[in-house]
Amino acid sequence: MARKRKQNLPLDPVEAVVEDLSHDGRGVAHVEGKTVFIQGALAGERVLFTYRRRRGRFDEGVVHTIIEAAAERVEPGCPHFGSCGGCSLQHLAPEAQRARKEQTLLSNLRHFGNVAPETVLPPLTGPLWGYRRKARLGVRHVAKKGGVLVGFREKGSSFITEIGACPVLVPQVGERIGELRALIGSLDARDAIPQIEMAAGDEHTVLVFRNMVPLGEADRARLAGFGAATGLRIHLQPAGPESVHPLGPGDAVALTYRLPAYDVEVLFQPTDFAQVNAEINLAMVDHALTLLEPSAEDRILDLFCGLGNFTLPLARRCGAVVGVEGDAGMVARAGGNALRNGITNAEFHAADLAGDFSAEPWARAGFHKVLLDPPRTGALEMVRHLPAFGAGRVVYVSCNPATLARDAGVLVREGGYRLVSAGIMDMFPHTTHVESIALFEKPW
């Protein structure tokens with residue numbers, strides 16, 4: 001195999017004026033006519049940077065010195081900012097982060113959808129720290145660094161960042177990264193644990209240890225002792241997601257979260273998709289239902305319904321609601337959640353929403369209103385079918401402004417809808433992730 005040629009990079013720092021921020025939070029500058037992405041720089045700043053890599057169309061660098069700082073620059077709240085790849089915007093004030101995300105949403109709507117909302121909704125905001133209840137932590141035993149590393153990957157690298165705590169995770173896990181490192185380091189199978197998945201409900205928090213080999217009794221005892229000392233419930237995953245199981249009888253707890261305004265409690269499994277920010281999720285459900293305006297006469301379709309996060313609250317406000325999801329296991333659990341909450345006017349179906357679903361019985365029924373919350377790939381096939389449902393109002397929740405914009409253009413130009421309003425929801429503070437919501441209406 002041929003070795004990569006070592007690049008001849010300038011050794012001395014280079015001065016640049018930062019013009020913008022990239023989609024991943026790096027400063028964008030131009031040096032001798034060539035674009036440079038500078039880690040740690042903010043728009044409007046004058047900096048000295050050092051080159052890290054030179055490519056054909058652009059170069060990459062990292063801040064060496066801030067000569068003139070942006071007014072929005074703040075001190076990062078985590079000592080590992082700059083090395084850890086989990087957050088990219090801690091050096092930008094929270095209100096400026098949200099303004100940036102709103103700008104990203106609106107520019108994507110213009111660029112990819114050629115549309116603009118009639119009204120820009122105020123951003124939904126919540127806690128800045130300790131908000132993340134779902135995460136997957138990488139684990140690696142690195143003898144050269146003195147033991148086991150637990151955390152997120154370094155920026156632009158496959159290596160695990162060396163950290164002792166993570167302030168964005170819920171405290172019961174984020175404040176115990178050091179303890180987790182010591183725990184894994186004490187295991188005989190320390191080299192066979194590549195990740196830990198965490199999931200926190202309102203009452204319990206589960207840690208799922210991916211074990212590539214069967215654990216011996218001594219290792220099982222160490223894990224059990226850690227769970228007993230911390231109150232964290234320990235699960236093992238020896239194979240795929242379906243293999244997840246509690247370490248012992250006391251770890252077999254029900255993970256749940258409540259939506260009190262709708263008298264709903266949602267049961268979920270540790271590896272199920274659930275919104276990572278509990279407080280924003282409460283506000284998002286309220287926000288979506290306010291925009292959708294469900295009534296007792298409405299028959300509503302909830303697409304990509306998951307566990308029923310929107311479906312079950314909708315059932316409390318409308319005549320009937322149909323939830324559709326591609327994952328059959330999630331559909332079964334959504335139906336179970338309806339039964340647990342005494343909801344009888346909701347039905348759930350499993351279907352491939354990226355394929356041809358027109359022959360499905362639920363797809364041939366009419367709906368007054370539609371809510372959809374698709375994955376990052378969006379819902380292109382579905383939005384092309386939406387006019388056939390006869391829905392006068394559509395609420396679209398999105399985790400990717402580019403595919404929302406693409407789909408919005410289709411709804412407006414082909415479906416005859418108006419883009420009434422759109423706005424962001426700060427689900428992931430300190431990151432470049434943009435969660436958004438949009439309301440579409442038929443003009444009749």
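Key figures for this structure:
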{"read-out": "Over the chain, relative contact order from alpha-carbon pairs under 8 Å, at least 6 apart, %", "value": "14 percent"}
{"read-out": "For a label point 7 Å along the Cα-to-beta-carbon line of Ala229, residues of segment 181-198 with backbone N under 17 Å", "value": "181-190"}
{"read-out": "Sites His23 and Asp263, calculated FRET efficiency, Cβ-Cβ separation with R0 41 Å, nearest 0.05", "value": "0.55"}
{"read-out": "Set of aspartates and glutamates near Lys34 by C-alpha distance (under 20 Å), chain-local residues within fewer than 8 positions excluded", "value": "Asp12, Glu15, Glu19, Asp20, Asp24, Glu45, Asp59, Glu60"}
{"read-out": "Inter-site label distance for Arg55 and Ala221 at 7 Å from Cα along Cβ, in nm", "value": "5.2 nm"}
{"read-out": "Backbone HN-Hα couplings from phi across segment 360-376 [Karplus 6.51/-1.76/1.60, Hz, Gly and Pro as x]", "value": "5, x, 5, 6, 8, 8, x, 9, 6, 9, 9, 10, 9, 9, x, x, 4"}
{"read-out": "Cα-based shape type of segment 119-270, given that a ≥ b ≥ c are square roots of the gyration tensor eigenvalues and the cut on a/c is 1.5", "value": "oblate"}
{"read-out": "Size of electric dipole in the chain: Cβ of Lys, Arg +1 and of Asp, Glu -1, about Cα centre, debye, nearest 20", "value": "1360 debye"}
{"read-out": "DSSP beta bridges in the chain [antiparallel fraction, %, rounded to 5]", "value": "65 percent"}
{"read-out": "Karplus 3J(HN,Hα) series, Hz, for segment 45-53 with 6.51 cos²θ - 1.76 cosθ + 1.60 (x for Gly, Pro)", "value": "8, 10, 9, 9, 9, 10, 6, 10, 7"}
{"read-out": "Residue order, fewest to most beta carbons within 10 Å, for His80, His430, His287", "value": "His287, His80, His430"}
{"read-out": "Sorted largest first, extent of segment 221-342 alpha carbons per principal axis (Å)", "value": "56, 27, 23"}
{"read-out": "Whole-Å semi-axes of the ellipsoid equivalent to segment 315-397 (Cα gyration tensor, √5λ, descending)", "value": "21, 16, 12"}
{"read-out": "Amide proton proximity set for Val31, modelled H, under 5 Å, gap of 5+", "value": "Val36"}
{"read-out": "Of all DSSP beta bridges in segment 345-444, antiparallel share, percent nearest 5", "value": "75 percent"}
{"read-out": "Protection-proxy order for peptides 158-164, 332-338, each taking the mean of Cβ atoms within 10 Å per residue, highest first", "value": "332-338, 158-164"}
{"read-out": "Ellipticity estimate at 222 nm from DSSP helix runs (n ≥ 4, -39,500 (n - 2.57)) divided over the chain, nearest 500", "value": "-7000 deg cm²/dmol"}
{"read-out": "In nm, spacing of pseudo-spin labels at Ala116 and Ala93 (7 Å Cα→C-beta vector)", "value": "2.6 nm"}
{"read-out": "Kirkwood-Stokes translational diffusion coefficient of the chain, alpha-carbon pairs, 25 °C, 0.890 mPa s, µm²/s", "value": "102 µm²/s"}
{"read-out": "Segment 243-390: relative contact order as a whole-number percent, Cα under 8 Å and 6+ apart", "value": "21 percent"}
{"read-out": "Cα coordinate range in segment 14-68, projected on the principal axes (Å, largest first)", "value": "29, 22, 18"}
{"read-out": "Segment Ser358-Asn345, length gained on full extension (0.36 nm per residue, minus Cα span)", "value": "2.4 nm"}
{"read-out": "Ranking of Tyr262, Tyr396 by count of other Cβ atoms within 10 Å, fewest first", "value": "Tyr262, Tyr396"}
{"read-out": "Label-point separation in nm, Arg413 to Glu297, each point 7 Å along Cα→Cβ", "value": "3.5 nm"}
{"read-out": "Proxy reagent accessibility, fewest Cβ within 10 Å first, across Cys166, Cys84", "value": "Cys84, Cys166"}
{"read-out": "Packing-based ranking, highest mean first, of 402-413, 307-318 given that Cβ atoms within 10 Å are counted", "value": "307-318, 402-413"}
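Rule-based calculations on the coordinates, nothing more; no lab input. Just so you know, these numbers come straight off a predicted model, no measurement behind them. Cβ: placed from backbone, ideal geometry, glycine included. Neighbour counts: every protein chain shown.
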